[in-house]
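A.B. asks: My structure is below; once you've seen it, I'll send some questions.
The values are calculated or read from the model by the stated rules, or taken from the named source; none is laboratory data. Since the model is a prediction, treat every value here as computed from it, not as a measurement. Neighbour counts are summed over all protein chains in view; Cβ atoms, including those assigned to glycine, are modelled from backbone coordinates with ideal geometry.
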């Protein structure tokens with residue numbers, strides 16, 4: 001099968017959509033298909049369109065449908081497009097035009113119109129575990145520090161300010177240092193992050209890092225913190241699960257759908273006091289940190305690349321029967 005894979009990209013940054021699209025391309029090629037990937041559909045011949053992000057790929061869905069009304073279209077709902085549906089005609093049009101809708105965690109289906117839910121297929125994002133023998137140059141845990149990773153570009157929806165406020169609330173003896181890797185997509189937030197790093201010894205903004213270096217930073221951290229106000233199903237959650245790194249995360253559907261309602265490291269969106277309490281407890285209470293670690297490790301099978309590949313195989317077989 002010849003598959004056109006369309007995805008939006010963040011200018012100058014390696015974002016979640018790009019990470020997802022690259023992984024989907026690899027999995028589809030492993031399944032024996034020809035894949036043509038790009039930021040938009042060029043009008044070329046394809047048996048199937050896979051469009052990541054309903055709003056930003058709406059033009060591709062419209063054009064493909066106009067040329068080949070009977071050929072299947074898969075729309076991947078990546079995150080912010082789930083929030084767009086109620087108020088954006090283009091996103092709603094792409095959802096209506098899709099043969100199937102791929103979501104990254106089960107709670108995403110609840111945000112879709114009831115009429116579209118029969119088209120939904122949940123395909124969890126996979127992640128490769130870190131190598132058994134890591135390279136000699138990863139950032140090793142620093143003595144005297146309890147290092148926490150924040151891997152998110154500077155955007156309002158990622159809510160880094162909750163982390164800044166939380167670190168200022170930590171007990172005086174705390175050894176927590178948050179290492180934040182992310183591109184300055186919002187100039188105002190970038191200025192705030194730089195100012196925070198100047199005055200707050202518990203926060204370091206490292207700027208954008210290549211994916212491999214960001215992965216090593218995650219693997220060498222005691223915790224990942226994910227304070228987002230909205231997510232469709234963050235890649236970094238899968239990466240932390242694969243690496244066995246415990247997570248403290250905001251209680252939003254996109255993350256609860258991956259970690260579970262009873263995951264012990266959840267706090268409310270914007271609740272810096274709640275995040276500070278969990279950071280303090282994870283640092284000081286070995287039993288709590290062990291509980292978080294066990295909870296993450298039980299989710300390991302969810303992010304197995306073979307599971308994601310098998311889910312795509314099943315979806316493509318389903319579509320082939322309908323053509």
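Listed here are the residues, each with its yes/no results for (1) touching a strand residue (DSSP E or B) at 6+ places or on another chain (Cβ under 9 Å); (2) under 20 Å from residue 215 (Cα atoms); (3) touching a residue at least 24 places away in the same chain (Cβ under 8 Å).
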position	(1), (2), (3)
248	yes, yes, yes
264	no, no, yes
271	yes, no, yes
279	yes, no, yes
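A.B. asks: Need the failing condition index for residue 317 against (1) assigned to a loop (DSSP other than H, G, I, E, B); (2) in the same structural domain as residue 77 (by TED's automatic domain parsing), just the number.
C.D. replies: Condition not satisfied by residue 317: (1).
A.B. asks: So, in region 265-296, exactly how many residues are within 21 Å of residue 124 (Cα to Cα) and in contact with a helix residue (DSSP H, G or I) (Cβ under 8 Å, 6 or more places away or on another chain)?
C.D. replies: 5
A.B. asks: With respect to the numbered conditions (1) in contact (Cβ under 8 Å) with a residue 24 or more places away in the chain; (2) touching a strand residue (DSSP E or B) at 6+ places or on another chain (Cβ under 8 Å), which one is the sole condition not fulfilled by residue 300?
C.D. replies: All conditions are met except number (2).
A.B. asks: Checking the condition out of contact with any helix residue (DSSP H, G or I) (no Cβ under 9 Å at 6 or more places or on another chain) and without any contact (Cβ under 8 Å) to a residue 40 or more places away in the chain, which residue from 118, 44 passes?
C.D. replies: Result of the check over 118, 44: 118.
A.B. asks: I've got another one for you. Out of (1) closer than 20 Å to residue 146 by Cα; (2) modelled with pLDDT of 95 or more; (3) more than 16 Å from the chain's Cα centre (by Cα), what's the single condition that is false for residue 262?
C.D. replies: Failing condition for residue 262: (1).
A.B. asks: Would you check if residue 222 is in contact (Cβ under 8 Å) with a residue 40 or more places away in the chain, buried (at least 17 other Cβ atoms within 10 Å of the Cβ), over 14 Å from residue 127 (Cα atoms) and in the same structural domain as residue 289 (by TED's automatic domain parsing)?
C.D. replies: yes
A.B. asks: Now for a separate question. Would you say residue 201 is buried (at least 19 other Cβ atoms within 10 Å of the Cβ) and at pLDDT 95 or above?
C.D. replies: The answer is no for residue 201.
A.B. asks: Conditions: (1) within 22 Å of residue 166 (Cα to Cα); (2) touching a strand residue (DSSP E or B) at 6+ places or on another chain (Cβ under 9 Å); (3) surrounded by fewer than 19 Cβ atoms within 10 Å (Cβ to Cβ). Residue 287 meets all but one. Number of the miss?
C.D. replies: With (1) within 22 Å of residue 166 (Cα to Cα); (2) touching a strand residue (DSSP E or B) at 6+ places or on another chain (Cβ under 9 Å); (3) surrounded by fewer than 19 Cβ atoms within 10 Å (Cβ to Cβ) applied to residue 287, the lone miss is (2).
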